[in-house]
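The values are calculated or read from the model by the stated rules, or taken from the named source; none is laboratory data. Nothing here was measured: the structure is a model prediction, and the numbers come from that model. Please note: Cβ atoms are built from the backbone with ideal geometry, for glycine as well, and neighbour counts cover all protein chains shown. Only protein heavy atoms, including side chains, enter the accessible area calculation; ligands, DNA and RNA are left aside. Shrake-Rupley method; radii C 1.70, N 1.55, O 1.52, S 1.80 Å.
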Amino acid sequence: GPMRSYGKYRTYACSRAYQHVTDCPNDNWHNAYRLEEAVLEFLGQYSDAAKVRKLLAEDEHRARKDRETEKRRVERRLAELERDFLRNVDLVKKEVITEEEARRLNAATREERARVETRRAELSALLEREEQREKLMAELAARVGSFLEDMEALEPREAKAILQTILKAAHVWKDG
C-alpha cells in the first residue's frame, strides 16, 4: 500500500482503505520498519540452499523416484514389443509363418505399444518439469542470498520500490 511519513515514523496503509474507507474499515496503518523487516525475514528463508531443498518436499522426491522406475519398466516393455515384431518379420522371411499370421500377431501388440508409448511420453514430460523445478529452486537460493545483501546496502526508499515489484500484497494479522 501507499507509504506516509509522520515526522520520523514511516507507515504503510492498506491500499483498499486508502482508496475508500468503506472498502477496508479496519485501522490498517503499520510501522514500515517492522513490516519491511518481516518481509525480508520471510524472503531470507529462501536464501539457505539446505532449507530450499527441504521445501522440495520429501514425498515429491519419492514420487520422482517412482516415476523414474516406471519409465525404465515402460522402456523395457517397449524393447520387448519391438523384439517380438522383428522376430515375426524374421519368421515370415524364413516362411515359418505367413504374412497374414504375422499381421494378426502384430495387431495385438500394436495397441499395447501405442498405450505404452503414450505413458512414456507422459512420464518424460513430468520428469522434465520436475528437473526444471529443482534447477530453479537451486538458482532461487543463490539469487535471494545476493538480493538480501544488496537490499541491506540500499536507501529505504529504493528498497521499498524493489520490494513493491516483488510483492503483490502483504497480509498483516493483528497478533503481534
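Restricting to the stretch 136-168, give me the number of residues that are closer than 14 Å to A32 by Cα and surrounded by fewer than 11 Cβ atoms within 10 Å (Cβ to Cβ).
Counting residues in the stretch 136-168 that are closer than 14 Å to A32 by Cα and surrounded by fewer than 11 Cβ atoms within 10 Å (Cβ to Cβ) gives 2.
Considering only the stretch 137-155, I want to know if a residue exists there that is polar (S, T, N, Q), on the phi < 0 side of the Ramachandran plot and modelled with pLDDT under 80.
yes
For V52, work out the one condition from (1) exposed (fewer than 13 other Cβ atoms within 10 Å of the Cβ); (2) at pLDDT below 75 it doesn't fulfil.
Result: V52 passes all but (1).
Do you know which of the residues in the stretch 98-130 that are open to solvent by less than 40 Å² (accessible area, probe 1.4 Å) and more than 16 Å from R77 (Cα to Cα) is nearest to the chain's Cα centre (by Cα)?
It comes out as E130.
Residues that are touching a residue at least 12 places away in the same chain (Cβ under 8 Å), within 19 Å of G44 (Cα to Cα) and touching a helix residue (DSSP H, G or I) at 6+ places or on another chain (Cβ under 8 Å): does the stretch 75-87 have at least one?
There is no residue in the stretch 75-87 that is touching a residue at least 12 places away in the same chain (Cβ under 8 Å), within 19 Å of G44 (Cα to Cα) and touching a helix residue (DSSP H, G or I) at 6+ places or on another chain (Cβ under 8 Å).
All but one of (1) within 18 Å of the chain's Cα centre (by Cα); (2) exposed (fewer than 10 other Cβ atoms within 10 Å of the Cβ); (3) of a type in the set (K, R) hold for R133; state the number of the condition that does not hold.
Failing condition for R133: (2).
From the list R10, R4, pick out the single residue that is out of contact with any Cys (no Cβ under 6 Å at 6 or more places or on another chain), among the charged types (D, E, K, R), open to solvent by 50 Å² or more (accessible area, probe 1.4 Å) and modelled with pLDDT under 70.
R4
Would it be correct to say that E128 is over 30 Å from R87 (Cα atoms) and either free of Cβ contacts under 8 Å to residues at least 60 places away in the same chain or assigned to a loop (DSSP other than H, G, I, E, B) (or both)?
It is true that E128 is over 30 Å from R87 (Cα atoms) and either free of Cβ contacts under 8 Å to residues at least 60 places away in the same chain or assigned to a loop (DSSP other than H, G, I, E, B) (or both).
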